[in-house]
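**Q** Please find one structure pasted underneath; my questions will follow.
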């Protein structure tokens, strides 16, 4: 599992089982969205989004 640092943005596929521990510190912002990349290189980790 990733060890995010302050300021990191972690993206993962919706089918991945996930959970987060309760937030007992500062304010945490959570976003949920559907993103459809226009380019995806699964082994090179390159993702490109277009507006």
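The values are calculated or read from the model by the stated rules, or taken from the named source; none is laboratory data. Note that the coordinates shown come from a computational prediction; the quantities given were computed from them, not determined experimentally. Positions of Cβ are generated from backbone atoms using ideal geometry, with glycine treated the same way; all protein chains shown enter the neighbour counts.
**Q** So, in the stretch 29-42, of the ones that are within 14 Å of the chain's Cα centre (by Cα) and surrounded by fewer than 10 Cβ atoms within 10 Å (Cβ to Cβ), which residue ends up modelled with the lowest pLDDT?
**A** Among those that are within 14 Å of the chain's Cα centre (by Cα) and surrounded by fewer than 10 Cβ atoms within 10 Å (Cβ to Cβ), it is 36.
**Q** Something else about it: Suppose the filter is loosely packed, with under 10 Cβ neighbours inside 10 Å and at pLDDT below 70; does residue 45 pass it?
**A** Taking the combined requirement at face value, the residue satisfies it.
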